[in-house]
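First comes the structure, then the notes that go with it.
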Amino acid sequence: MKAKGIKSIALMTGGGDCPGLNAVIRAVTKTAINKFSLEVWGIEDGYLGLIEDRMRVLSYNEVSNILTVGGTILGSSNLANPFKYRVTGEKKTRTKDVSGNCIKKLKDNGIDALICIGGDGTMASAARFAKKGINVIGVPKTIDNDLYGTDITFGFNTAVNTATEAIDKIHTTASSHHRVMIIEVMGRYAGWIALHAGVASGSDIILLPEIPYRLDKICDFVHGRSKRGKRFSIVVVAEGAKEKGGKMVVARKVAHSPDPIRLGGVANVLVGQINGQTGLDCRAVVLGHVQRGGTPTPFDRILATNFGHMAVELLMKGIKGHLVVLKDGRLSSIPLSRVAGKIKTVPRNNHLIKAALAVGTSFGI
Ligand code: F6P
């Protein structure tokens with residue numbers, strides 16, 4: 001069955017990579033071929049490949065045996081925004097709207113619809129393409145789980161597993177050497193990974209971007225534990241967490257990126273501060289991109305397969321400009337225009353925060 005005149009679709013993976021991207025590519029391509037006899041194009045390196053006209057027809061074989069593989073066979077990039085693309089002239093660099101050229105390239109290749117797999121940045125551009133009349137469906141990806149409109153993004157579950165496993169291992173050194181171990185996890189503006197991995201690993205202190213911490217409270221807490229004979233503490237800190245009245249710790253700025261700020265280093269800052277105030281032996285471990293790698297968990301493989309299948313189904317039902325979401329345990333979709341420019345942060349009244357507080361976890365306040 002072919003609906004709404006769609007014969008050929010393209011898909012791309014944008015932004016930071018994440019476990020489960022290949023599982024979505026597989027689900028989209030196999031569904032499109034098996035169920036609707038469509039032609040499927042893979043765009044390389046996200047919007048950059050669309051801008052540079054780097055795309056190819058995907059064969060069934062190419063997407064076979066990739067369900068469990070981390071990363072993306074298409075490549076990804078978080079450096080290109082088609083509506084604000086950096087072009088370097090003889091005298092200076094300026095930004096240019098090249099979205100019209102992208103649309104022309106899709107048309108020239110006979111592509112009727114586009115599936116964009118990505119996070120907030122990717123969806124912001126997808127919403128603008130939809131506004132320009134392109135048949136677009138978004139699929140929510142990010143280990144940070146901060147995409148607005150969906151209860152969960154694929155990749156998050158795997159990242160939480162990876163972080164929890166690492167913290168469990170760090171626990172033994174903390175205990176043997178009576179140290180304060182500070183583990184920095186990803187999460188720029190939303191602390192979902194820190195909250196979930198922190199609770200799952202039984203960490204003593206969890207620091208989130210949403211709850212600015214007080215250094216004196218953290219020091220009192222670890223000191224109190226040490227006085228009670230608990231001679232070690234585990235602190236999980238999201239990279240975007242900051243002290244009350246303070247600023248996020250920026251590692252560097254990436255000039256060509258639509259979101260140029262790269263965070264990192266808050267754990268090292270805390271090591272100096274906590275050691276300085278308590279005299280306790282402290283160490284920092286920054287988990288970084290380890291959290292974005294590896295094979296997806298069964299949960300993420302299932303979610304990615306559901307999302308990919310649903311994306312093609314929506315297109316074939318004639319629905320466009322929507323993001324596939326999981327809401328209250330059900331697969332559905334919402335307009336991309338409602339998602340663009342927003343992020344989903346951890347609310348203060350989150351049930352897991354309440355449970356963590358009840359079992360004695362500190363949030364540094
Ligand atoms: O958005 C996902 C994410 O992993 C963030 O948590 C992190 O701050 C950022 O990407 C890192 O980006 P990059 O790979 O460009 O350093």
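The values are calculated or read from the model by the stated rules, or taken from the named source; none is laboratory data. Since we're looking at a predicted model, the values are computed, not measured. As a convention, Cβ positions derive from the backbone with ideal geometry for all residues, glycine included, and neighbour counts pool all protein chains shown.
Couple of notes before you dig in:
- From Leu74, Leu21, Leu50, Leu79, residue being among the hydrophobic types (A, V, I, L, M, F, W, C), in contact (Cβ under 8 Å) with a residue 60 or more places away in the chain and more than 18 Å from Phe307 (Cα to Cα): Leu79
- For Thr122, the criteria (1) hydroxyl-bearing (Ser, Thr, Tyr); (2) closer than 16 Å to Gly15 by Cβ; (3) outside the structural domain of Leu315 (by TED's automatic domain parsing) hold in every case but one, which is (3).
- Leu270 over 19 Å from Gly149 (Cβ atoms), buried (at least 19 other Cβ atoms within 10 Å of the Cβ) and within 16 Å of the ligand (Cβ to nearest atom): no
- In region 113-128, the residues that are surrounded by 24 or more Cβ atoms within 10 Å (Cβ to Cβ) and not in a strand (DSSP E or B): Gly119, Thr122, Met123, Ser125, Ala126
- Unmet criterion (only one of (1) hydrophobic (A, V, I, L, M, F, W, C); (2) within 16 Å of the ligand (Cβ to nearest atom); (3) within 17 Å of the chain's Cα centre (by Cα)) for Phe299: (2)
- Cβ-Cβ distances below 7 Å connect the following pairs, each with a first residue in region 181-195 that is of a type in the set (Lys, Arg), a second residue that is within 9 Å of the ligand (Cβ to nearest atom), and a separation of six or more residues or different chains: Arg188/Asp144; Arg188/Glu239; Arg188/Gly240; Arg188/Leu263.
- Of all the numbered requirements in (1) farther than 28 Å from Gly20 by Cα; (2) in contact with a Phe, Trp or Tyr (Cβ under 9 Å, 6 or more places away or on another chain); (3) within 12 Å of the ligand (Cβ to nearest atom), Val249 misses one, and that requirement is (2).
- Unique residue being at pLDDT 95 or above, touching a Phe, Trp or Tyr at 6+ places or on another chain (Cβ under 7 Å) and either away from the ligand (no atom under 16 Å from the Cβ) or not charged (D, E, K, R) (or both) when the list is Asp53, Asp97: Asp97
- Any hit, region 94-115, residues being within 22 Å of the chain's Cα centre (by Cα) and not assigned by TED's automatic domain parsing to the domain that holds Leu195: yes
- Filter pass, Ala241 being assigned to a helix (DSSP H, G or I), closer than 21 Å to Ile218 by Cα, within 16 Å of the ligand (Cβ to nearest atom) and out of contact with any His (no Cβ under 7 Å at 6 or more places or on another chain): no
- Ala10 vs. criteria touching a helix residue (DSSP H, G or I) at 6+ places or on another chain (Cβ under 6 Å) and either surrounded by fewer than 22 Cβ atoms within 10 Å (Cβ to Cβ) or of a type in the set (Gly, Ala, Ser) (or both): no
- Meets criteria (in contact (Cβ under 8 Å) with a residue 12 or more places away in the chain, aliphatic (A, V, I, L, M) and not in a helix (DSSP H, G or I)) for Ile234: yes
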